[in-house]
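Here's the structure, in C-alpha coordinates; my notes come after.
The values are calculated or read from the model by the stated rules, or taken from the named source; none is laboratory data. Just so it is clear, the structure is predicted and the values come from calculations on it, not from any experiment. In this analysis, Cβ positions are derived from the backbone assuming ideal geometry, glycine residues included, and neighbour counts consider all displayed protein chains.
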Amino acid sequence: MSLGEKLFKLRKQAGYSQETVAEKVGVTRQTISKWENDQALPEMIKGKLLAELYGVTYDSLASEITGTRTIAAAADPTPDIDWTNAWNRRYPVLTHYHDDPKSHIMRSQVFGLYDDIQRELGLSELDTFLVMRDMVCERYRQYTRNRGKPN
(Lines give C-alpha, C1' and ligand atoms only; values in the text may rest on other atoms or scores of the structure.)
Protein backbone atom coordinates (compact mmCIF):
# COMPACT_ATOMS: atom_id res chain seq x y z
CA MET A 1 0.00 0.00 0.00
CA SER A 2 1.46 3.37 -0.97
CA LEU A 3 1.75 6.25 1.47
CA GLY A 4 -1.01 8.08 -0.37
CA GLU A 5 -3.34 5.12 -0.11
CA LYS A 6 -2.60 4.85 3.61
CA LEU A 7 -3.23 8.56 4.16
CA PHE A 8 -6.54 8.36 2.30
CA LYS A 9 -7.63 5.27 4.24
CA LEU A 10 -6.64 6.76 7.60
CA ARG A 11 -8.41 10.04 6.84
CA LYS A 12 -11.61 8.23 5.87
CA GLN A 13 -11.42 6.00 8.97
CA ALA A 14 -11.03 9.10 11.13
CA GLY A 15 -14.03 10.72 9.41
CA TYR A 16 -12.08 13.82 8.39
CA SER A 17 -12.40 15.84 5.22
CA GLN A 18 -9.30 16.94 3.35
CA GLU A 19 -10.03 20.49 4.52
CA THR A 20 -10.09 19.40 8.17
CA VAL A 21 -6.79 17.52 7.89
CA ALA A 22 -5.22 20.44 6.03
CA GLU A 23 -6.24 22.82 8.81
CA LYS A 24 -4.96 20.53 11.56
CA VAL A 25 -1.61 19.93 9.82
CA GLY A 26 -1.10 23.48 8.54
CA VAL A 27 -1.21 22.93 4.78
CA THR A 28 -3.72 23.46 1.97
CA ARG A 29 -6.43 21.02 0.94
CA GLN A 30 -4.60 20.68 -2.40
CA THR A 31 -1.50 19.50 -0.56
CA ILE A 32 -3.52 16.80 1.21
CA SER A 33 -4.89 15.75 -2.18
CA LYS A 34 -1.37 15.53 -3.65
CA TRP A 35 -0.19 13.42 -0.73
CA GLU A 36 -3.16 11.07 -1.05
CA ASN A 37 -2.64 10.73 -4.81
CA ASP A 38 1.11 10.03 -4.42
CA GLN A 39 1.95 13.20 -6.34
CA ALA A 40 4.00 14.56 -3.44
CA LEU A 41 5.42 13.39 -0.13
CA PRO A 42 4.89 15.19 3.17
CA GLU A 43 7.99 16.55 4.83
CA MET A 44 9.00 14.74 8.01
CA ILE A 45 7.39 17.16 10.47
CA LYS A 46 4.09 17.00 8.57
CA GLY A 47 4.34 13.22 8.51
CA LYS A 48 4.74 13.20 12.27
CA LEU A 49 1.72 15.46 12.65
CA LEU A 50 -0.32 13.16 10.40
CA ALA A 51 0.75 10.12 12.42
CA GLU A 52 -0.33 11.83 15.64
CA LEU A 53 -3.61 12.95 14.10
CA TYR A 54 -4.45 9.43 12.93
CA GLY A 55 -3.15 7.70 16.07
CA VAL A 56 -0.48 5.65 14.33
CA THR A 57 3.29 5.59 14.65
CA TYR A 58 5.40 7.60 12.25
CA ASP A 59 7.32 4.41 11.47
CA SER A 60 4.15 2.59 10.39
CA LEU A 61 3.04 5.57 8.33
CA ALA A 62 6.41 5.89 6.59
CA SER A 63 6.77 2.18 5.89
CA GLU A 64 5.79 0.79 2.49
CA ILE A 65 3.46 -1.80 3.99
CA THR A 66 2.55 -1.04 7.58
CA GLY A 67 4.93 -2.69 10.01
CA THR A 68 7.10 -4.54 7.50
CA ARG A 69 9.82 -2.02 6.60
CA THR A 70 11.94 0.42 8.54
CA ILE A 71 12.09 4.16 7.97
CA ALA A 72 15.57 3.74 6.47
CA ALA A 73 14.18 1.22 4.00
CA ALA A 74 11.37 3.61 3.12
CA ALA A 75 13.96 6.28 2.31
CA ASP A 76 15.90 3.85 0.11
CA PRO A 77 15.72 4.96 -3.54
CA THR A 78 14.77 1.51 -4.80
CA PRO A 79 12.54 0.74 -7.78
CA ASP A 80 9.52 0.73 -5.43
CA ILE A 81 8.66 4.14 -6.87
CA ASP A 82 9.27 5.10 -10.48
CA TRP A 83 10.09 8.75 -9.81
CA THR A 84 10.16 9.64 -13.50
CA ASN A 85 6.57 8.49 -13.99
CA ALA A 86 5.50 9.95 -10.66
CA TRP A 87 6.81 13.39 -11.59
CA ASN A 88 6.56 13.50 -15.40
CA ARG A 89 3.19 15.25 -15.41
CA ARG A 90 4.51 18.02 -13.21
CA TYR A 91 8.02 18.16 -14.72
CA PRO A 92 7.91 17.12 -18.38
CA VAL A 93 11.68 17.43 -18.69
CA LEU A 94 11.95 14.11 -16.82
CA THR A 95 10.21 12.29 -19.67
CA HIS A 96 12.52 13.45 -22.45
CA TYR A 97 15.94 14.54 -21.16
CA HIS A 98 17.18 10.96 -21.70
CA ASP A 99 16.87 11.53 -25.46
CA ASP A 100 19.55 14.24 -25.51
CA PRO A 101 22.96 12.65 -26.31
CA LYS A 102 24.66 15.14 -23.97
CA SER A 103 22.66 13.74 -21.06
CA HIS A 104 24.41 10.37 -21.50
CA ILE A 105 27.80 12.03 -21.01
CA MET A 106 26.56 13.93 -17.98
CA ARG A 107 24.97 10.78 -16.59
CA SER A 108 28.39 9.11 -16.71
CA GLN A 109 29.88 12.10 -14.90
CA VAL A 110 27.18 11.98 -12.22
CA PHE A 111 27.67 8.23 -11.76
CA GLY A 112 31.42 8.82 -11.45
CA LEU A 113 30.83 11.51 -8.82
CA TYR A 114 28.50 9.16 -6.94
CA ASP A 115 31.17 6.44 -6.96
CA ASP A 116 33.84 8.95 -5.85
CA ILE A 117 31.71 10.14 -2.92
CA GLN A 118 31.02 6.57 -1.85
CA ARG A 119 34.66 5.51 -2.10
CA GLU A 120 36.30 8.65 -0.65
CA LEU A 121 33.89 8.99 2.27
CA GLY A 122 33.49 5.24 2.83
CA LEU A 123 29.69 5.39 2.71
CA SER A 124 26.98 2.81 2.14
CA GLU A 125 24.79 3.02 -0.98
CA LEU A 126 21.96 4.72 0.92
CA ASP A 127 24.27 7.16 2.69
CA THR A 128 25.94 8.01 -0.62
CA PHE A 129 22.54 8.69 -2.17
CA LEU A 130 21.53 10.89 0.77
CA VAL A 131 24.79 12.88 0.68
CA MET A 132 24.56 13.41 -3.07
CA ARG A 133 20.88 14.38 -2.78
CA ASP A 134 21.79 16.87 -0.05
CA MET A 135 24.50 18.40 -2.25
CA VAL A 136 22.11 18.79 -5.18
CA CYS A 137 19.44 20.31 -2.93
CA GLU A 138 21.96 22.80 -1.53
CA ARG A 139 22.92 23.85 -5.05
CA TYR A 140 19.26 24.39 -5.90
CA ARG A 141 18.76 26.41 -2.69
CA GLN A 142 21.70 28.62 -3.75
CA TYR A 143 20.06 29.12 -7.13
CA THR A 144 16.69 30.04 -5.64
CA ARG A 145 18.26 32.45 -3.14
CA ASN A 146 20.27 34.18 -5.87
CA ARG A 147 17.60 34.20 -8.58
CA GLY A 148 17.23 37.65 -10.02
CA LYS A 149 20.37 38.96 -8.32
CA PRO A 150 23.32 40.10 -10.44
CA ASN A 151 26.31 37.74 -10.41
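Which pairs turn up if I take residues in the stretch 96-122 that are in contact (Cβ under 8 Å) with a residue 40 or more places away in the chain and look for partners that are in a helix (DSSP H, G or I) with beta carbon separation below 7 Å, at least 6 apart in sequence or on another chain?
Within 7 Å, no pair qualifies.
Kindly list, by first and then second residue, each pair from a residue in the stretch 47-61 that is in contact (Cβ under 8 Å) with a residue 24 or more places away in the chain to a residue that is assigned to a loop (DSSP other than H, G, I, E, B) and buried (at least 19 other Cβ atoms within 10 Å of the Cβ), limited to pairs with Cβ atoms under 8 Å and residues at least 6 apart or on different chains.
LEU50/PRO42
Could you tell me whether the stretch 138-146 includes any residue that is under 21 Å from GLN39 (Cα atoms), of a type outside the set (Lys, Arg) and not assigned by TED's automatic domain parsing to the domain that holds LYS34? It would help to see each step written out before you state the result.
Narrowing the stretch 138-146 to residues under 21 Å from GLN39 (Cα atoms): 140.
Add one more test, that the residue is of a type outside the set (Lys, Arg), and what stays is 140.
Then drop every residue that is not not assigned by TED's automatic domain parsing to the domain that holds LYS34, which leaves 140.
Checked against the condition, which is being under 21 Å from GLN39 (Cα atoms), of a type outside the set (Lys, Arg) and not assigned by TED's automatic domain parsing to the domain that holds LYS34, the stretch 138-146 yields at least one hit.
When you scan the stretch 128-150, do you find a residue that is at pLDDT 90 or above and either in contact with a Lys or Arg (Cβ under 8 Å, 6 or more places away or on another chain) or outside any helix (DSSP H, G or I) (or both), even just one?
Checking the stretch 128-150: not a single residue is at pLDDT 90 or above and either in contact with a Lys or Arg (Cβ under 8 Å, 6 or more places away or on another chain) or outside any helix (DSSP H, G or I) (or both).
From the set of residues in the stretch 20-30 that are within 16 Å of TYR54 (Cβ to Cβ) and free of Cβ contacts under 8 Å to residues at least 24 places away in the same chain, which is surrounded by the fewest Cβ atoms within 10 Å (Cβ to Cβ)?
First, the residues of the stretch 20-30 that are within 16 Å of TYR54 (Cβ to Cβ): 20-27.
Adding the requirement that they be free of Cβ contacts under 8 Å to residues at least 24 places away in the same chain leaves 20, 22-23, 26-27.
Numbers: THR20: 15, ALA22: 18, GLU23: 14, GLY26: 10, VAL27: 19.
So, considering only residues that are within 16 Å of TYR54 (Cβ to Cβ) and free of Cβ contacts under 8 Å to residues at least 24 places away in the same chain, the one surrounded by the fewest Cβ atoms within 10 Å (Cβ to Cβ) is GLY26.
I'd like the residue in the stretch 103-127 that is in a helix (DSSP H, G or I) and among the small types (Gly, Ala, Ser) and, out of all such residues, is farthest from VAL93 (Cα to Cα).
Looking at the filtered set, the residue picked out is GLY112.
Take ALA74 and tell me if it is within 14 Å of the chain's Cα centre (by Cα), of a type in the set (A, V, I, L, M, F, W, C), within 13 Å of LEU3 (Cα to Cα) and modelled with pLDDT under 70. Spell out the reasoning first.
Numbers: within 14 Å of the chain's Cα centre (by Cα): yes; of a type in the set (A, V, I, L, M, F, W, C): yes; within 13 Å of LEU3 (Cα to Cα): yes; modelled with pLDDT under 70: yes.
When the stated conditions are applied, ALA74 passes them.
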